[in-house]
1. If amide H atoms are built 1.01 Å from N in the plane of the peptide, which residues on other chains or at least 5 residues away come under 5 Å of the amide H of F48?
2. Can you work out ³J(HN,Hα) from phi for every residue in the range 58-74, in order, using Karplus 6.51 cos²θ - 1.76 cosθ + 1.60 and θ = phi - 60°, giving whole Hz and x for Gly and Pro?
3. Once label points are set 7 Å from the Cα along Cα→Cβ at both D57 and L15, what is their separation, rounded to one decimal in nm?
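Computed from the coordinates by the stated procedures, all read-outs in this text should not be read as laboratory data. This one's a predicted model, so the numbers in the text were calculated from it and none came from an experiment. Here the Cβ positions follow ideal geometry from the backbone for every residue, glycine too, while neighbour counts run over all protein chains shown.
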Amino acid sequence: MRLSELGEFGLLRELEQRGLAHGIGDDAAVFHEGIVVTQDTLVEGVHFRLEWTSWRDLGYKAAAVNLSDLAAMGASPAGLLVALN
């Protein structure tokens, strides 16, 4: 099955059935293995404007919004994936 067929909520249900210990209703998802995952996408025109924001500041903001979610869950980061749109 394709992700486009599942949709966002179908994907969340699938993840829960495959070992998600705590759903994404919180700041992040917690898997049984102790892995905590979060990802907030920053959207141009909503969260930032390129004409007002340097790439350095944008990278900082993208990291900060996701790292704060991990901190809220009591997790320590091991890696970072940034999504911009």
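1. Correct list: V43.
2. 5, x, 4, 5, 4, 5, 4, 5, 7, 5, 5, 5, 5, 4, 5, 8, x
3. About 3.1 nm separates the two model spin labels.
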